[in-house]
Amino acid sequence: MLWSNATTVLIASGVMGLLSGYLAYRRERNPYLWFLIGFGLTMAGIVPIFFAPLLKKRKNRVATQLQPQPYLKGPKNKFWYFVDKSRTQQGPLSYDAIFRAWKEQTISLETLVWHEDLNDWKPLQKLIEIRMQTKRGS
């Protein structure tokens with residue numbers, strides 16, 4: 001694969017060099033200089049094109065996997081409240097604090113929560129959504 005890419009680059013550069021040299025000759029310029037310019041610029045432009053896919057393949061060896069991640073639907077810029085086990089209202093809490101409380105199992109999916117955008121108290125499980133997110137492997 002590498003040799004076929006190198007051969008293709010050399011052929012394309014040679015063709016462009018010959019075309020540049022020919023056009024320079026027709027316009028009474030130095031064809032050798034223009035051959036080198038055409039050859040060199042084509043090499044500089046084509047080499048990255050052919051070798052960039054190899055770099056991309058190497059990067060993909062670090063596997064990216066889609067994994068389910070819980071997401072709390074609701075405003076991140078408003079206060080949240082919840083009802084604890086003794087039926088006492090707790091809060092105000094930030095979005096991050098209520099999400100962290102659930103992750104740390106301070107509150108459960110059955111815990112009633114509320115924020116300004118809700119009309120009524122709802123169980124947390126009604127606001128938890130599972131989203132697929134990429135996670136890089138090693």
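Every number here is computed from the coordinates shown, using simple stated rules; none is lab data. Nothing here was measured: the structure is a model prediction, and the numbers come from that model. Heads up, the Cβs are rebuilt from the backbone with ideal geometry, glycines too, and the neighbour counts pull from every protein chain shown.
Would you check which residues across the range 1-38 are surrounded by 17 or more Cβ atoms within 10 Å (Cβ to Cβ) and within 36 Å of the chain's Cα centre (by Cα) and list them? Steps first, please.
From the range 1-38, those surrounded by 17 or more Cβ atoms within 10 Å (Cβ to Cβ) are 9, 12-13, 16-17, 20-21, 24, 31, 34-35, 38; that's our starting set.
Passing the criteria: Val9, Ala12, Ser13.
Residue check, Gln133 against (1) surrounded by fewer than 17 Cβ atoms within 10 Å (Cβ to Cβ); (2) more than 25 Å from Gln67 (Cβ to Cβ), all met but one. Which one?
Going through (1) surrounded by fewer than 17 Cβ atoms within 10 Å (Cβ to Cβ); (2) more than 25 Å from Gln67 (Cβ to Cβ) one by one, Gln133 breaks only (2).
Looking at the range 74-93 only, could you name the residues that are surrounded by 14 or more Cβ atoms within 10 Å (Cβ to Cβ) and closer than 17 Å to Ile128 by Cβ?
Gly74, Trp80, Tyr81, Phe82, Val83, Leu93
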